[in-house]
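The values are calculated or read from the model by the stated rules, or taken from the named source; none is laboratory data. Keep in mind the model is a prediction, meaning the values are calculated, not measured. For neighbour counting, all protein chains shown are included, and Cβ atoms are generated from backbone atoms with ideal geometry for every residue, glycine included.
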Amino acid sequence: MLQVNDDIAIEDWELTEQFVRSSGPGGQNVNKVSTAVELRFEAERSPNLPAPVKTRLRKLAGRRWTNEGALILQVEETRSQARNREIARQRLVELIQKALQKPKRRIPTRPTLGSKKRRLAGKKARGEVKTLRGKVDPTD
């Protein structure tokens, strides 16, 4: 069981771990030992996550979210399989904790009168610069 906070805990049946060969440093060890971990979390089917949290999690996950509603995290940072496994689980917890926070609602504001006047004055000055770029009379 993976504890996210006081209310939410992820059951073991919701997580699937698969170990694959890692790229990067490690010499011959890279070719022999499967140290990279691929953690799959069945988020859509999870009874422990409320619907709004699932929606925010899908948005945060991006390409890591599958069509079946699973979240896949791949970690191959270290040469140790156990350490990569810990990192993957830690990232999953952090991602869910981020999804638990409700985003602040944006309150639209109106531009001030001064900012409107400055914008129009800038547009007028720019227009004058452009009109001065006109053709020169050959009579001069």
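Please go through region 45-86 and give me each residue that is among the polar types (S, T, N, Q) and either outside any loop (DSSP other than H, G, I, E, B) or within 27 Å of T35 (Cα to Cα) (or both), ordered by number.
Just the residues of region 45-86 that are among the polar types (S, T, N, Q), to begin with: 46, 48, 55, 66-67, 74, 78, 80-81, 84.
Once the filter is applied, which keeps residues that are among the polar types (S, T, N, Q) and either outside any loop (DSSP other than H, G, I, E, B) or within 27 Å of T35 (Cα to Cα) (or both), region 45-86 yields T55, T66, N67, Q74, T78, S80, Q81, N84.
How many of the residues in region 21-53 are of a type outside the set (F, W, Y), touching a residue at least 24 places away in the same chain (Cβ under 8 Å) and under 19 Å from I72 (Cα atoms)?
Matching residues across region 21-53 total 17.
For region 34-56: of the residues being hydrophobic (A, V, I, L, M, F, W, C) and surrounded by 13 or more Cβ atoms within 10 Å (Cβ to Cβ), which is farthest from T16 (Cα to Cα)?
Keep residues of region 34-56 that are hydrophobic (A, V, I, L, M, F, W, C), which gives 36-37, 39, 41, 43, 49, 51, 53.
Okay, now just the ones that are also surrounded by 13 or more Cβ atoms within 10 Å (Cβ to Cβ), so 36-37, 39, 41, 43, 49, 53.
Numbers: A36: 14, V37: 10, L39: 6, F41: 7, A43: 12, L49: 17, V53: 21 Å.
Of everything passing the filter in region 34-56, V53 is farthest from T16 (Cα to Cα).
Within region 29-68, restricting attention to residues that are of a type in the set (S, T, Y) and touching a strand residue (DSSP E or B) at 6+ places or on another chain (Cβ under 9 Å), which residue is nearest to I10 (Cα to Cα)?
Start the filter on region 29-68 by keeping residues that are of a type in the set (S, T, Y), which leaves 34-35, 46, 55, 66.
Within this subset, residues satisfying the condition of being touching a strand residue (DSSP E or B) at 6+ places or on another chain (Cβ under 9 Å) are 34-35, 46, 66.
Details: S34: 25, T35: 24, S46: 8, T66: 19 Å.
Step by step, filter region 29-68, then rank; the result is S46.
Has region 91-100 got at least one residue that is free of Cβ contacts under 8 Å to residues at least 60 places away in the same chain, of a type in the set (S, T, N, Q), within 30 Å of K54 (Cβ to Cβ) and in a helix (DSSP H, G or I)? Give the derivation first.
Initially, region 91-100 is screened for residues free of Cβ contacts under 8 Å to residues at least 60 places away in the same chain, giving 91, 94-95, 98-99.
Now restrict to residues that are of a type in the set (S, T, N, Q): none.
No, there is no match, as no residue in region 91-100 is free of Cβ contacts under 8 Å to residues at least 60 places away in the same chain, of a type in the set (S, T, N, Q), within 30 Å of K54 (Cβ to Cβ) and in a helix (DSSP H, G or I).
Restricting to region 60-82, what's the tally of residues that are closer than 16 Å to V93 by Cα and touching a residue at least 24 places away in the same chain (Cβ under 8 Å)?
So the count comes out to 8.
Yes or no: region 101-119 includes at least one residue that is loosely packed, with under 10 Cβ neighbours inside 10 Å, of a type in the set (A, V, I, L, M, F, W, C) and free of Cβ contacts under 8 Å to residues at least 24 places away in the same chain.
yes
Could you tell me whether any residue of region 17-32 is modelled with pLDDT under 90, among the aliphatic types (A, V, I, L, M), over 23 Å from the mean Cα position of the chain (by Cα) and crowded, with 16+ Cβ neighbours inside 10 Å?
There is at least one residue in region 17-32 that is modelled with pLDDT under 90, among the aliphatic types (A, V, I, L, M), over 23 Å from the mean Cα position of the chain (by Cα) and crowded, with 16+ Cβ neighbours inside 10 Å.
Could you tell me whether any residue of region 57-67 is on the phi < 0 side of the Ramachandran plot, surrounded by fewer than 10 Cβ atoms within 10 Å (Cβ to Cβ) and among the small types (G, A, S)?
So far as region 57-67 goes, no, none of its residues is on the phi < 0 side of the Ramachandran plot, surrounded by fewer than 10 Cβ atoms within 10 Å (Cβ to Cβ) and among the small types (G, A, S).
Here is a check on your reading of the model: is L71 in contact with a strand residue (DSSP E or B) (Cβ under 9 Å, 6 or more places away or on another chain) and either surrounded by 10 or more Cβ atoms within 10 Å (Cβ to Cβ) or acidic (D, E) (or both)? First the steps, then the outcome.
Values: in contact with a strand residue (DSSP E or B) (Cβ under 9 Å, 6 or more places away or on another chain): yes; either surrounded by 10 or more Cβ atoms within 10 Å (Cβ to Cβ) or acidic (D, E) (or both): yes.
Here the answer is yes, as L71 does meet what is asked.
Is it the case that some residue within region 118-138 is within 22 Å of the chain's Cα centre (by Cα) and not hydrophobic (A, V, I, L, M, F, W, C)? So that I can check it myself, show each step before the final result.
Within region 118-138, the subset within 22 Å of the chain's Cα centre (by Cα) is none.
No - not one qualifying residue is present in region 118-138.
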